[in-house]
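Report on the structure given below.
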Amino acid sequence: MKILFIGKVKSSLKYLKQLIKLKQNIVGVITDNKKRINSDYLDLKPFCKTKKIPSIYAKNINSKSNIKWIKKCNPDFILCIGWSKLIGKEILEKFKNRVIGLHPSLLPFNRGRHPIIWSLILKLKETGISFFIMSKKIDYGRILLQKKIRISKKDNSKTLMKKIELEIATNLDNLIYILKKKRYSNQLLLNPKKKHNIWRKREKNDGIIDWRMNADNINKLVEALGKPYAGASFIFKNKEVKVWKAKIIKTGNQFKNYEYGKVIKVFSNKSFIIKCIDRPIKIINYYPKISIKQNDYL
C-alpha cells in the first residue's frame, strides 16, 4: 500500500518509522522546516534522506506546486499525523475518502486545538484517539478507528502525551488493516444532529496564574502547560515567571486567615510556598529565579 505521510512533530517520526517497519510503501513525506516556539517540532526531511524517501517542505500544503507533487506521488492513502493546518478542497476531492487524519480526542467531542491541554485543565476523566477520514471541516469525518484513554489524577501533559502516543503506535497496524480491507463503510459516523464541541486555540492569558484561583486549579494549569508546551506563568515586578512544577500543600486550617498571594516560606533552593484562595501551594521549579522573602506578596 502506497502512503504519503504528513507530519512535523517528534511523534510523527516515531509513526513514520513504524509504518516502514510494517513494510508500508512510503511514496512521499511532507514536513516543515520552520520551528515553532514551545512546540515539539521536528523536521522529518533528514530522516527521509537516510531512507531515500522523497520529501518536501510545505509552508502552504495547498499550493499548486505541492498539490502537483502529491499527485505525482500517487498514493493510495494520505496519512496526516502531527500537522495542524487544514488540508484543502482540491486534495480532499482528488483523494476522496483517502486522506486520513488523527485527533487525540474521542470525536465528535473535543474537536479543535490543544486537546491534551484542555483535557487536563478541564479535569476530564478520559480522552482518546480517533483516526478519521478528513473533510473540509475541522476534525470532522467518518471515524475509522477509535480508542479510549483514561486520564488519572496524576497525569500531566508529558504523561498524557505518552499515553496517547503509545495508543497511536499500538493501533497503526490496525488502521492499515482497516484501510487495506476497506472495512470502514459501516464504521461510526459523526452525527450532525449530535451535540459536539470545538476547542479554541489557547491564548497566552489562559496560562497566567492568578493566586485567587484555588490550589488544585493552579496545579492542574501547571501540569497541563508543562513541556513541550509554553508553561504556566505569573507576573513579578513586570516580568513573566514560568512555572514548571508545583505541589499542593496539605495542611489544616492554620493558613485560612492568610491572604491569597502571600509568600509563606522560602527555601534555600529558592522554591517557595504561597497562599492561594483556599490553601497553600509549593512552587518547586520556575524560571527565571526571583528574589522573594517570606511575607512578600505576589
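Checking every residue in the stretch 78-90 against the condition of being in contact with a His (Cβ under 6 Å, 6 or more places away or on another chain), touching a residue at least 40 places away in the same chain (Cβ under 8 Å) and open to solvent by 30 Å² or more (accessible area, probe 1.4 Å) gives zero matches. Quick one: would you say Ile70 is modelled with pLDDT of 95 or more and under 22 Å from the mean Cα position of the chain (by Cα)? No.
Checked against the criterion of being surrounded by fewer than 18 Cβ atoms within 10 Å (Cβ to Cβ) and either in contact with a Cys (Cβ under 9 Å, 6 or more places away or on another chain) or charged (D, E, K, R) (or both), the candidates Lys282, Lys270, Lys275 yield just one match: Lys270. Condition test on Ile20, is it closer than 22 Å to Leu166 by Cβ and either aromatic (Phe, Trp, Tyr) or part of a helix (DSSP H, G or I) (or both)? Criteria met by Ile20.
Counting only residues that are open to solvent by less than 80 Å² (accessible area, probe 1.4 Å) and over 17 Å from Ala232 (Cα atoms), the stretch 285-294 holds 1 of them. Whenever a residue of the stretch 106-129 is over 22 Å from Leu144 (Cα atoms), its partners that are of a type in the set (A, V, I, L, M, F, W, C), lying with C-beta atoms within less than 6 angstrom and at least six residues away or across chains, give the pairs Ile117/Ala224; Trp118/Trp199; Leu120/Ala224; Ile121/Ala224; Leu124/Ile151; Lys125/Ile151. Scanning the stretch 135-154 for residues that are of a type outside the set (S, T, N, Q) and modelled with pLDDT of 95 or more turns up Lys147, Lys148, Ile149, Arg150, Ile151. Whenever a residue of the stretch 220-231 is closer than 15 Å to Met161 by Cα, its partners that are among the acidic types (Asp, Glu) and in a loop (DSSP other than H, G, I, E, B), lying with C-beta atoms within less than 8 angstrom and at least six residues away or across chains, give the pairs Glu223/Asp155; Pro228/Asp40.
Reported count of residues in the stretch 43-60, each being farther than 18 Å from Ile20 by Cα and open to solvent by 40 Å² or more (accessible area, probe 1.4 Å), is 3.
Here Lys85, Lys94 are screened, and the one residue that is at pLDDT below 95 and not aliphatic (A, V, I, L, M) is Lys85.
The residue that is most open to solvent (accessible area, probe 1.4 Å), among those in the stretch 219-247 that are part of a strand (DSSP E or B) and modelled with pLDDT under 95, is Lys239. Scanning the stretch 104-150 for residues that are touching a helix residue (DSSP H, G or I) at 6+ places or on another chain (Cβ under 6 Å) and either open to solvent by less than 20 Å² (accessible area, probe 1.4 Å) or not in a loop (DSSP other than H, G, I, E, B) (or both) turns up Ser105, Ile116, Ile117, Leu120, Ile121, Thr127, Ile129, Phe131, Leu144, Leu145, Lys147, Ile149.
The values are calculated or read from the model by the stated rules, or taken from the named source; none is laboratory data. Since we're looking at a predicted model, the values are computed, not measured. Here Cβ is always computed from backbone atoms with ideal geometry, including for glycine, and neighbour counts include all displayed protein chains. To get the accessible areas, we keep the full protein, side chains included, count just its heavy atoms, and leave off ligands, DNA and RNA. Shrake-Rupley method; radii C 1.70, N 1.55, O 1.52, S 1.80 Å.
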